[in-house]
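Structure record follows, encoded as structure tokens.
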Amino acid sequence: MASIKPPFTLESAKEKLKFAQAMWNTRDPSQVAKGYTADCTWRNRDSFIKGTEQIIGFLSKKWEKERSYRLRKELFCFQGDKIAVQFWYEYQDASDGMKWKRCYGLEDWTYDGAFDPDAFGLILRHKESGKMKKRMMSGNDLLLGKDGDGVGVPEEGIEGRWFVDGVNVDDVELMDKHY
């Protein structure tokens, strides 16, 4: 999806994030890493990552731990070369007895081809690849079901899985309580 480059419109920002969602749902670190510049900078919770090799290593470890991973992203806002998204993903935590969890949070993305002013305040366009050069993520985890079994018990206020097998993540209705 490198053909979609800044400045973003509402349509192109949504298309860019849904492509990213589809790539992350493949759980293929090498494929996902192709969407980022070779020197891309990430902050993912408390991890600081730079470059393709570290991105691939980080994602490989992530998906070793986060099994049955299913992600949804929605547009929060955009401007110029930046996109911000809300996300939700569910997974079984291999480091915690395969308990079901949901991570939710925000990411802000900056793409190459930024509108940088030169010393005289003139706007310069850099070589554009349509790839992300910065990704900052903040997220929180929530245990799903009683003791992480993934089954909701609404009468007890216990959240269950949204992205059950066979459900398209984009078909799940998100309401105020999901934000």
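Basic side chains Lys and Arg get +1 at the Cβ, acidic Asp and Glu get -1 at the Cβ, and with that the dipole of the chain about its Cα centre reaches some 620 debye.
Within the accessible surface of region 39-118, defined with a 1.4 Å probe on protein heavy atoms only, the carbon and sulfur portion equals 51 percent.
Counting only DSSP H runs of at least 4 residues, each contributing -39500 (n - 2.57), and dividing by the residue count of the chain, the helix-based mean residue ellipticity at 222 nm comes to -6000 deg cm²/dmol. Given their separation in residues at 0.36 nm each and the Cα-Cα distance between them, Asp176 and Lys62 gain 38.2 nm when the chain is fully extended. Scanning the chain for trypsin sites (Lys or Arg not before Pro) lying in DSSP loops with no more than 15 further Cβ atoms inside 10 Å, the longest uninterrupted stretch between such sites is 46-126.
Within region 46-80, report the GluC sites (Glu not before Pro) that DSSP leaves as loop and that have at most 14 other Cβ atoms within 10 Å.
Of the GluC sites (Glu not before Pro), not one in the loops of region 46-80 has a Cβ with at most 14 other Cβ atoms within 10 Å.
Would you mind checking the tilt of helix 10-26 against the longest principal axis of the Cα atoms of the chain, expressed as 0 to 90 degrees and rounded to 10? It works out to around 50 degrees. Largest accessible area first, the listed residues Met175, Met132 line up as Met175, Met132 when surface is computed with a 1.4 Å probe on the assembled protein chains. Per residue, the accessible area of the chain comes to 54 Å², computed with a 1.4 Å probe over protein heavy atoms only. Mind pulling the angle between the C-alpha long axis of helix 52-65 and the longest principal axis of the chain? Nearest 10 degrees, somewhere in 0 to 90. Here the helix axis deviates by roughly 10 degrees.
Each other residue within a Cβ distance under 11 Å of Asn140 adds +1 if Lys or Arg and -1 if Asp or Glu, for a net charge of +2.
The values are calculated or read from the model by the stated rules, or taken from the named source; none is laboratory data. All figures in this text were calculated on a predicted structure; none of them were measured in a lab. Virtual Cβ from ideal backbone geometry, glycine too; neighbours counted across all protein chains shown. Only protein heavy atoms, including side chains, enter the accessible area calculation; ligands, DNA and RNA are left aside. Shrake-Rupley method; radii C 1.70, N 1.55, O 1.52, S 1.80 Å.
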